[in-house]
1. When you look at B:L19, is it assigned to a helix (DSSP H, G or I), assigned by TED's automatic domain parsing to the domain that holds B:G151 and buried (at least 18 other Cβ atoms within 10 Å of the Cβ), yes or no?
2. Quick one: is B:S112 more than 13 Å from the chain's Cα centre (by Cα), of a type in the set (S, T, N, Q) and within 30 Å of B:S168 (Cα to Cα)?
3. For the range B:121-131, give me each residue that is within 14 Å of B:K106 (Cβ to Cβ) and facing chain A (nearest Cβ under 7 Å).
4. Could you tell me which of the residues B:A186, B:A190 is within 14 Å of chain A (Cβ to nearest Cβ) and not in a helix (DSSP H, G or I)?
5. Please state which one of A:V146, A:V97, A:V83 is of a type in the set (V, I, T) and in contact with a Ser or Thr (Cβ under 9 Å, 6 or more places away or on another chain).
6. Name the single residue, out of those in the range A:152-166 being under 20 Å from B:A145 (Cα atoms) and of a type in the set (D, E, K, R), that is surrounded by the fewest Cβ atoms within 10 Å (Cβ to Cβ).
7. If you go through the range B:129-169, how many residues are more than 15 Å from B:S78 (Cα to Cα) and touching a residue at least 24 places away in the same chain (Cβ under 8 Å)?
Number of protein chains: 2
Amino acid sequence: MGRWEPGARERLVVAAVDLFTEQGYDATTVAQIAERAGVTKSTFFRHFPDKRELLVAGQETLSRLLAEGIAEAPAGVSPLEAVAAGLERASGAMGPVNRELGPRLKAAVAASAELQERDALKSVGLAAAMTAALVERGVPGPTAAVAGELGVLAFKRGFAQWSEGDRSAQDDFAGYALAALDELRAASAALG
Amino acid sequence: MGRWEPGARERLVVAAVDLFTEQGYDATTVAQIAERAGVTKSTFFRHFPDKRELLVAGQETLSRLLAEGIAEAPAGVSPLEAVAAGLERASGAMGPVNRELGPRLKAAVAASAELQERDALKSVGLAAAMTAALVERGVPGPTAAVAGELGVLAFKRGFAQWSEGDRSAQDDFAGYALAALDELRAASAALG
């Protein structure tokens with residue numbers, strides 16, 4: 001088996017989520033994940049440091065895309081319009097595999113305290129990336145912090161609706177995330 | 001040494017934070033924490049399941065107080081006024097020891113990936129507790145979710161200012177948390 005294996009990373013994620021769903025996170029080993037994906041253990045470790053990181057594999061990419069989209073939004077747009085640009089950019093990393101794995105991933109996280117912690121840190125990291133990118137644009141700290149949290153809520157709510165809805169529709173993640181952001185924007189007006 | 005030891009829980013927390021600061025979280029054992037606090041290891045385990053939980057010891061109490069304050073806020077107040085009532089209620093659990101430990105706790109968390117994850121889950125848990133209490137009052141889901149996130153931001157920003165500011169002032173946590181919530185409310189108006 002050569003060093004370069006097309007799709008190995010994606011196959012590892014699918015295999016892991018399947019095994020976590022079938023037999024639980026704690027009972028699943030790296031060796032089992034590699035075997036199910038049809039790769040060697042050393043291929044696993046070229047892609048991921050351990051089985052836990054595998055489930056938040058996209059975090060760095062997402063953080064980078066969200067920050068880039070915010071940074072490159074036109075001058076003068078509102079903080080939430082900049083967040084919307086970040087979500088649109090991040091949508092590029094959310095493909096059919098992400099969508100299909102969503103519900104199983106959710107079940108695996110719900111069943112494991114360790115994965116819940118890692119998942120919580122992912123949310124905090126995404127909020128921090130958006131907040132920092134907004135501050136960089138000159139948005140005051142408290143406004144940037146609120147906008148960053150709304151961005152994460154929109155991402156999570158949009159992802160839930162996208163991955164649990166009609167997957168045959170082939171519509172992309174961006175529409176769901178932007179609709180969720182709009183809903184949260186309207187909800188904010190009712191805070192009092 | 002009797003089974004009932006007044007202040008053992010608080011002494012354990014202080015001892016742990018001191019040791020984490022002096023020698024790092026990973027290098028600190030339960031035995032060392034117990035010795036520094038002047039209690040036995042079994043006393044430690046009567047209070048905490050492990051050294052990590054010790055640092056988020058107040059989470060359940062805080063969640064309960066936040067939810068109670070929100071539930072008992074007068075009928076007809078806005079979602080953010082209900083969150084303010086929750087923060088005031090939770091302030092009862094934030095005493096001088098919490099205030100004094102704040103900066104060292106922050107340093108310990110910053111230095112340990114494991115503690116960062118646990119701390120992130122604590123934030124998610126507090127937000128969930130507030131959101132659920134607001135939904136229980138009849139606040140629509142998206143508004144409750146935003147208000148819950150603002151409550152956590154207010155808690156964290158208020159705590160940072162309270163514990164890093166002039167500790168001789170003897171003013172209580174509530175004032176800082178409510179000021180932070182007011183600031184976030186004003187910031188929300190500038191979201192666009």
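The values are calculated or read from the model by the stated rules, or taken from the named source; none is laboratory data. In this text the structure is predicted, and so the values were computed from the model without any measurement. All Cβ positions, even for glycine, are placed from backbone atoms using ideal geometry, and neighbour counts span all protein chains on display.
1. Here the answer is no, as B:L19 does not meet what is asked.
2. yes
3. Residue satisfying the conditions is B:S123 alone.
4. The unique qualifying residue is B:A190.
5. Exactly one residue qualifies, and that residue is A:V146.
6. Across the range A:152-166, the extreme among qualifying residues is A:E164.
7. Counting residues in the range B:129-169 that are more than 15 Å from B:S78 (Cα to Cα) and touching a residue at least 24 places away in the same chain (Cβ under 8 Å) gives 15.
Results for (1) in the same structural domain as A:A133 (by TED's automatic domain parsing); (2) under 21 Å from the mean Cα position of the chain (by Cα); (3) surrounded by 15 or more Cβ atoms within 10 Å (Cβ to Cβ); (4) among the aromatic types (F, W, Y), shown as yes or no for each residue.
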| position | (1), (2), (3), (4) |
| --- | --- |
| A:V13 | no, yes, yes, no |
| A:Q32 | no, no, yes, no |
| A:A82 | yes, yes, yes, no |
| A:A90 | yes, yes, yes, no |
| A:E100 | yes, yes, no, no |
| A:R104 | yes, yes, yes, no |
